[in-house]
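Readers should treat all values here as calculations from the given coordinates under stated rules, not as data from a laboratory. From a predicted model like this one, the values you see are computed outputs, not experimental measurements. FYI the Cβ positions are ideal-geometry reconstructions off the backbone, even for glycines, and counts take in every protein chain you see.
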Amino acid sequence: MSLTRREMIKAGLLTGGVAALPVGRAIATLRDEPLDEMLESPPVPTFAVPLRIPPLARPVRSEGNTDYYEITQRVARVPIIPGLPLTEIWGYNGITPGPTFRHVGGRDAIVKQINRLPVDVSVHLHGGDNSPEDDGHPLDLIPPGGSKVYRYTEEESLSTIWYHDHAIHETGRNVYMGLAGHFFVSTEEERALPLPKGRFDVPLAIQDKFFLKDGSIDYPYKDPEEHEPFQQGVFGDVILVNGTPKPFFRVLRRKYRFRVLNGSNARIYSLALSNGDPLTVLASEHDFLQQAVQTDRLPIFPSERYQVVIDFSKYRVGSKIELRNLFEDVPGDPFDPDKTSQIMRFDVVDDASDPSSIPADLGPAPDFTGATGPVRKEWVFERNGGAWTINDKVFDEDRFDALPKFNVPTVWRFVNQSGGWYHPIHPHAEEFLILDRNGKRPRPWERAMKDVVGLGPNEVARILVTFHHFRGPYVMHCHNIEHEDHDMMTQFKIV
Ligand SMILES: [Cu+2]
């Protein structure tokens, strides 16, 4: 009888005592995963489908300071690729991305999640101020036919967050099948700013998937019987924005604010406009930057979010500007970069007046209280004897690897020692400031509160975090979801 991966981890067979792989382009060691020989989506027309904007989540009722929602997770068949049959997705309310929450900070949201899917699920509000019971722990599963009520007591702070599945060892497949949605938290101060609002404040979830000729999404398994996903990360050769493949979006000659989410399992993007003009970044995941920052390339790792403004008043009616991906070499990605270099196109269709503007000073200066304190914990991310490890260990639900103190500013150090691999690291429970990367200041658009830090090859980053919402157990993991599903995940307990 052969042991399953889960049983091997339980038996300790995948931890410790194994020689580390030689440092270098670790991709060469993963040739047992010949994705490129197996997978190729049918041709997908480029810029032929209009961008879909997910509908807003509407409360079923509101009482006092609380909004009540109900979401049903179910199988649906939806048109995705023109010319192909309908595609089966797993969606919140049967759509992907799910409904967008535009939540007023300071109010409570109570969300009943009903599971009508054939699999266990867990819902994580990524970047929310969640108690341990409401955080969507990977083992806090809702079985098929079951439901769970999540209570979100969001403090009044600007947040561009998202909700997605987090079921143990199946998160990659569940998100790839469609279980993801936007969740924005606004503040009174933000609502008073003259930034683009309403239909000019547009969510963009960028994802990549693989499709079969019958229209279905095929989440590839290395070992279908064991539901063993590919360890390197699952990519796709079709880029989707809000569930629409390489869409076009008709814009007016004015400013638009985009909430960009990299909702891909493993793909890193470097966003750029085809005409070379810069993108204006307003905010990280949790805060405005002190001042807007212009960049002609915006790298965005899985699960990172940025608020970006593009001013289309600079372009004549009839202009077509592509949003491109210049990140060509994600380790483990088997696809021709030509297939994944176009994301979407903006078609400038008409004149418009533009009452919006970007204030010269947007956000407060970051609070570095506690930044000079000692490093309280070092976390080393490695590929270790064929397993993804944190401090030489894989996930164990019965183990806590750190006990940070409640409400005490804490410095953690993240070390990527896994050769050529990238790891977007996400501690649950609290946003943080990146203090430095390899001893240098973080990138200009990273200088506000974040909840993911993208570690490049051999990169070392220090973060400053003050856990101040709830005490209790939380997970931290790599947000390359197949790395996470292969147990590059740890637990800490806030005490
Ligand atoms: Cu990783």
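From the helices alone, meaning DSSP H stretches of at least four residues, give me the mean residue ellipticity at 222 nm for the chain, per-run term -39500 (n - 2.57), in deg cm²/dmol to the nearest 500.
Working: 5 runs with 26 residues, N = 495.
Estimated from H runs of four or more residues: -1000 deg cm²/dmol.
Would you pull out the residues with amide H under 5 Å of His479's amide H, same chain only if 5 or more places away, H placed 1.01 Å from N?
When sequence neighbours closer than 5 places are left aside, the close amide H contacts are Ile425, His426.
How far is the Cα center of the stretch 460-495 from the Cα center of the stretch 121-143, in Å?
13
Indicate, rounded to the nearest 5 percent, the antiparallel portion of the DSSP beta bridges found entirely in the stretch 42-124.
On the way: 10 of 19 bridges.
The answer is about 55 percent antiparallel.
Working out 0.36 nm times the residue gap between Ser319 and Asn438, then minus their Cα-Cα distance, what length gain in nm do you get to one decimal?
38.7 nm
For the chain, give the share of DSSP beta bridges that are antiparallel, in percent and rounded to the nearest 5; count only bridges with both residues there.
Numbers: 93 of 126 bridges.
Approximately 75 percent, going by the DSSP bridge assignments.
Between their Cα atoms, which of Lys339/Lys377; Lys209/Lys440; Lys222/Lys339 are more than 29 Å away from each other?
On the way: Lys339/Lys377 41 Å; Lys209/Lys440 35 Å; Lys222/Lys339 23 Å.
Among Lys339/Lys377; Lys209/Lys440; Lys222/Lys339, the Cα-Cα distance tops 29 Å for Lys339/Lys377; Lys209/Lys440.
Show me the three semi-axes of the equivalent ellipsoid for the stretch 65-160, from the C-alpha gyration tensor (sqrt of 5 times each eigenvalue), largest first, rounded to whole Å. It would help to have the intermediate numbers written out before the result.
Values: eigenvalues 140, 57, 23 Å².
Computed over the stretch 65-160, the values are 26, 17, 11 Å.
Please give the charge dipole size of the stretch 140-238, origin at the Cα centre, charges +1 on K and R Cβ atoms and -1 on D and E Cβ atoms. Round to the nearest 20 debye.
Details: 9 positive and 18 negative charges, 72 e Å.
That gives a dipole near 340 debye.
Between Val349, Pro359, Asn325, whose Cα lies farthest towards the positive end of the dipole of the stretch 325-414 when Lys and Arg beta carbons carry +1 and Asp and Glu beta carbons carry -1, centred on the Cα centre?
Checked the options; the winner is Pro359.
Which order do the peptides 105-114, 120-129 take when ranked by the mean count of other beta-carbon atoms within 10 Å per residue, highest first? Spell out each step's value before the answer.
Working: 105-114: 18.2, 120-129: 24.2.
Put in order of decreasing packing, that is 120-129, 105-114.
From the phi angles alone, apply the Karplus equation (6.51, -1.76, 1.60; θ = phi - 60°) to the stretch 243-251 and give each ³J(HN,Hα) in whole Hz, x where the residue is Gly or Pro.
Karplus values, whole Hz, x for Gly and Pro: x, 10, x, 5, x, 10, 9, 7, 10.
Can you compute the modelled spin-label distance between Arg297 and Ala48, with each label point 7 Å from Cα toward Cβ, in nm?
3.2
Give the long-range amide H neighbours of Leu289: residues separated by 5 or more places, or on another chain, with amide H under 5 Å away, using H modelled in the peptide plane at 1.01 Å from N.
Counting only residues 5 or more places away or on other chains, the set is Ala283, Ser284.
How high is the FRET efficiency between Ser357 and Glu63 when r is their beta carbon distance and R₀ equals 51 Å, given to the nearest 0.05? Numbers along the way, then the final one.
Details: r = 37 Å, r/R0 = 0.73.
Efficiency for this residue pair is about 0.85.
Can you give the relative contact order of the chain as a percent, counting alpha carbon pairs under 8 Å and 6+ residues apart?
Details: 1341 pairs, mean separation 78.1, N = 495.
RCO, the chain: 16 percent.
So how far apart, in nm, are the two label points at Asn275 and Gln342 if each is 7 Å from Cα heading toward Cβ?
1.8
Per residue, how much space in cubic angstrom lies within the convex hull of the C-alpha atoms of the stretch 273-385? Don't skip to the end; give the middle numbers.
Details: hull volume 17.3 nm³, N = 113.
Taking the convex hull of the Cα positions in the stretch 273-385, it is 153 Å³ per residue.
Using the Karplus equation 6.51 cos²θ - 1.76 cosθ + 1.60 (θ = phi - 60°), what ³J(HN,Hα) coupling, rounded to whole Hz, does each residue of the stretch 66-71 give in order, writing x for Gly and Pro?
Each residue of the stretch 66-71 in turn: 10, 10, 9, 10, 10, 10 Hz.
Along the charge dipole of the stretch 38-104, pointing to its positive end and built from +1/-1 on Cβ of Lys, Arg, Asp and Glu, which listed residue (Pro79, Pro99, Pro59) has its Cα farthest out?
Pro59
Identify the trypsin sites (Lys or Arg not before Pro) of the stretch 310-409 meeting these criteria: DSSP loop state and at most 13 other C-beta atoms within 10 Å of the C-beta.
Values: sites: Lys314, Arg316, Lys320, Arg324, Lys339, Arg345, Arg376, Lys377, Arg383, Lys393, Arg399, Lys405; in loops: Arg316, Arg399, Lys405.
Counting only loop positions with at most 13 other Cβ atoms within 10 Å, the trypsin sites (Lys or Arg not before Pro) in the stretch 310-409 are Arg316, Arg399, Lys405.
Relative contact order of the stretch 156-237, please, whole-number percent, based on alpha carbon pairs below 8 angstrom and at least 6 residues apart. Show your work: numbers first, answer last.
Working: 78 pairs, mean separation 20.4, N = 82.
Contact order relative to length: 25 percent.
Using θ = phi - 60° and the Karplus relation 6.51 cos²θ - 1.76 cosθ + 1.60, list the HN-Hα couplings for the stretch 444-449 in order, rounded to whole Hz, with x at every Gly or Pro.
Taking θ as phi minus 60°, the curve returns x, 7, 9, 8, 7, 4 Hz for the stretch 444-449.
Nothing charged except the Cβ atoms of Lys and Arg (+1) and of Asp and Glu (-1): what's the magnitude of the dipole of the stretch 346-474 about its Cα centre? Round to the nearest 20 debye.
Numbers: 15 positive and 19 negative charges, 174 e Å.
In debye, rounded to 20, the stretch 346-474 gives about 840.
In debye to the nearest 20, how big a dipole does the chain give about its Cα centre with +1 on each Lys and Arg Cβ and -1 on each Asp and Glu Cβ? Intermediate values should be presented prior to the final figure.
Values: 55 positive and 69 negative charges, 232 e Å.
So the dipole magnitude of the chain works out to roughly 1120 debye.
Given the stretch 366-439, what percent of its DSSP beta bridges are antiparallel, to the nearest 5? Show your work: numbers first, answer last.
Values: 5 of 11 bridges.
If we restrict to bridges inside the stretch 366-439, about 45 percent are antiparallel.
So for the stretch 135-271, averaging the separation of alpha carbon pairs under 8 Å that are six or more residues apart and normalising by length, what relative contact order in percent results? Please report the intermediate quantities before stating the final value.
Details: 178 pairs, mean separation 32.9, N = 137.
With pairs under 8 Å counted, the relative contact order is 24 percent.
Assuming a ≥ b ≥ c are the square roots of the Cα gyration tensor eigenvalues, decide whether the chain counts as rounded (a/c under 1.5), prolate (otherwise, with a/b larger than b/c) or oblate.
Working: a/c = 1.32, a/b = 1.15, b/c = 1.15.
Because its axes are fairly even, with a/c under 1.5, the chain counts as rounded.
Give the order of Leu195, Leu282 when sorted by the count of other beta carbons within 10 angstrom, beginning with the fewest. Don't skip to the answer; put the middle values down first.
Values: Leu195 21, Leu282 28.
Listing Leu195, Leu282 from fewest to most nearby Cβ atoms yields Leu195, Leu282.
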